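The values are calculated or read from the model by the stated rules, or taken from the named source; none is laboratory data. Model, not experiment: these values are computed from the prediction. Note that we place each Cβ from the backbone using ideal geometry, even for glycine, and neighbour counts take in every protein chain shown. When the accessible area is computed, the model is the full protein with side chains, heavy atoms only, and any ligands, DNA or RNA have been set aside. Shrake-Rupley method; radii C 1.70, N 1.55, O 1.52, S 1.80 Å.
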Amino acid sequence: MRVLALGGAGAVAREATRDLCQYGALFDEIVIADIDPRKAERLAREIGDPRLRVIPLDVRDEEALVRRIREFDVVMNGLPFAYDVLVTRVCVEAGVSGVDLAFDEAQFELDEAARSKGMVFIPGVGATPGTTNVMAAYGARFVDQVEAIEIAFAAFRCLAPSPGLLRTTLWEFNPEEPEREAVYWEDGAWRPAPPFSGERRMRFHEQIGEQLVYYVPHDEARTLPRSFPGLRRAAVRGCFPPHVMQAMRALYELGALSSTPVSVNGTTYPAIDLVAHLLAALPASRENPRWAYGLVVEVHGQQAGRPRTVVLRNRHPPQEVWGGEAAYYRNIGVPLSIGVQMIARGEITARGVVPPERAIPPERFFEELARRGIEILVEG
């Protein structure tokens, strides 16, 4: 069996590739496809698995990508989210199942075509979205009717570990993003929320502790109302380390996270683009005292006519055990790898383009997380 790891040497996906090598015994060949094959070759040498092979690939050549994907049994997409729709479309055309790290509503428009091919593509199989969706699905089993799902995350990483992740941070606090008009679901309608609104104090695992979290326009809130009929409310709040949050609040209050035109040496740029270039160049943007990822999912509902709340939390080895930044990245990359392996083993029977909460069996997913040291704890 062959697996294709698109962008498999990237900041996040490299941990997924490592996991494929360590736990994916069913794969005869693990191929890293990257536009920068030298980076992929370095990772392959570092891992040292004889099943690893590297190929240069520019995914923007869609016809070539279809031909290449047809050579494989399953696809693991670790590319930036801008390529999610393209990769999903190509996988559907090729009839090859796969997973990726984020959502785009346009992916679900390919659901019928994917089902007609007898395949599955699962968007958003990382930490959040991903593990949080599966946590929500598991928590829903403890109530007769799900009424509300509240998700919180604490992504403890540096501000600019990669260009893509820096842009993700800026996007989450950009007041002009269209997604800000539909941040959370409540009483049958999408509600807007500006950055730094909906403040709530949340307790995460011991490496992170209590943090203030705020509404963010995250992918989970988009699919949960469709997955759980009758759901009155779905919301995601999040935060980064305190020093990142301080920087983002200051930039937001200055209007620097907007498209406000700024002239520099006679050339005009959107303010947020200048901020992105500046932060990417600053050494301080890559400094971080604590690497970790915290997840909390609250499922509120009714059981036997009485209110019940189930709370699920994650816990993982500290950076002293996992090795610095891996204590953040593994929480994203490991679920991606597990999703691919569950598809390859036939443990996922869903067909179409399906969100994690409807595609991934929670018990098996949690078992695989636990094998890697990531625990999901249930309260209530």
Checklist outcome for this item: Descending packing, highest mean Cβ count within 10 Å first, for 73-81, 87-95, 157-165, 280-288 is 73-81, 87-95, 157-165, 280-288
Checklist entry - Where Lys and Arg each count +1 and Asp and Glu each count -1, what net charge lies around A280 among other residues with Cβ under 12 Å from its Cβ? => result +1
Checklist entry - What is the distance, in nm, between label points placed 7 Å from the Cα along the Cα-to-Cβ direction at L254 and at A106? => result 3.3
Next on the checklist: Projecting each Cα onto the charge dipole of the stretch 154-217 (Lys/Arg +1, Asp/Glu -1 at the beta carbon, about the Cα centre), which of S162, Q207, W185 comes out farthest on the positive side?
Outcome noted: Q207
Item to check | Separation between Cα centres of the stretch 89-151 and the stretch 312-352, rounded to whole Å | outcome: 15
Next on the checklist: Pairs of alpha-carbon atoms within less than 8 angstrom and 6+ residues apart define the contacts here; what relative contact order does the stretch 57-203 have, in percent?
Outcome noted: 13
Checklist outcome for this item: The local net charge around L6, scoring Lys/Arg +1 and Asp/Glu -1 for residues other than L6 whose Cβ lies under 10 Å from its Cβ, equals -1
Item to check | Positive minus negative residues near V31 (Lys, Arg vs Asp, Glu; Cβ under 12 Å) | outcome: -2
Next on the checklist: So for each of 363-376, 342-355, 118-131 I average, over its residues, the number of other beta carbons within 10 Å; can you give me the resulting order with the highest mean first?
Outcome noted: 118-131, 342-355, 363-376
Checklist outcome for this item: By the Cα gyration tensor axes a ≥ b ≥ c (a/c under 1.5 gives rounded; else a/b larger than b/c gives prolate, otherwise oblate), the shape of the stretch 288-345 is oblate
Next on the checklist: Through the Karplus equation 6.51 cos²θ - 1.76 cosθ + 1.60, θ set to phi - 60°, convert the phi angles of the stretch 261-278 into ³J(HN,Hα) values in whole Hz; use x for Gly and Pro.
Outcome noted: x, 10, 8, 10, 6, x, 10, 9, 10, x, 4, 5, 5, 5, 4, 4, 5, 5
Checklist entry - In sequence order, what are the phi-derived ³J(HN,Hα) couplings for the stretch 238-255 according to the Karplus relation 6.51 cos²θ - 1.76 cosθ + 1.60 with θ = phi - 60°, rounded to whole Hz, with x for glycine and proline? => result x, 7, 10, x, x, 5, 6, 4, 4, 5, 5, 5, 5, 5, 5, 5, 7, x
Item to check | Packing rank of 181-192, 141-152, 240-251, where each peptide gets the mean count of other beta carbons within 10 Å, highest leading | outcome: 141-152, 240-251, 181-192
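Which value in Å is the Kirkwood Rh of the stretch 7-90 over different Cα pairs? List each step's numbers first, then the result.
On the way: mean 1/r = 0.0767 Å⁻¹.
Taking the inverse mean of 1/r over all distinct Cα pairs, the stretch 7-90 comes out at 13.0 Å.
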Next on the checklist: So with the 1.4 Å probe, I'd like the accessible area per residue for the chain, rounded to whole Å².
Outcome noted: 41
Next on the checklist: Leaving ligands and nucleic acids out of the surface, order K117, K39 by accessible area at 1.4 Å, largest first.
Outcome noted: K117, K39
Checklist entry - Where Rh denotes the Kirkwood radius from the mean inverse Cα pair distance, what is Rg over Rh for the chain? => result 0.95
Checklist entry - Can you tell which of P362, P194, P50 shows the greatest fluctuation in a Gaussian network model of the chain with Cα springs below 10 Å? => result P50
Checklist entry - Top mean-square fluctuation among D111, D28, D61, Gaussian network model of the chain, C-alpha springs under 10 Å? => result D61
Checklist outcome for this item: Everything considered on the Cα gyration tensor (a ≥ b ≥ c; rounded for a/c under 1.5, else prolate if a/b is larger than b/c, else oblate), the stretch 145-291 must be described as oblate
Checklist entry - Of the beta bridges DSSP finds with both residues in the chain, what % are antiparallel, to the nearest 5? => result 55
Checklist outcome for this item: Eigenvalues of the alpha-carbon gyration tensor of the stretch 241-380, times 5 and square-rooted, give semi-axes in Å, largest first, of 38, 20, 19
Next on the checklist: Using each residue's phi in the stretch 129-136, evaluate 6.51 cos²θ - 1.76 cosθ + 1.60 at θ = phi - 60° and report the 3J(HN,Hα) Karplus result to the nearest Hz, with x for Gly and Pro.
Outcome noted: x, x, 4, 5, 4, 5, 4, 4
Checklist entry - Carbon and sulfur: what percent of the chain's accessible surface (1.4 Å probe)? => result 50
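Run lengths n ≥ 4 of DSSP H only: what is the helix-derived mean residue ellipticity at 222 nm for the chain, with -39500 (n - 2.57) per run over all residues, to the nearest 500? Provide the component values of the computation, followed by the final result.
Values: 15 runs with 140 residues, N = 380.
That comes out to -10500 deg cm²/dmol.
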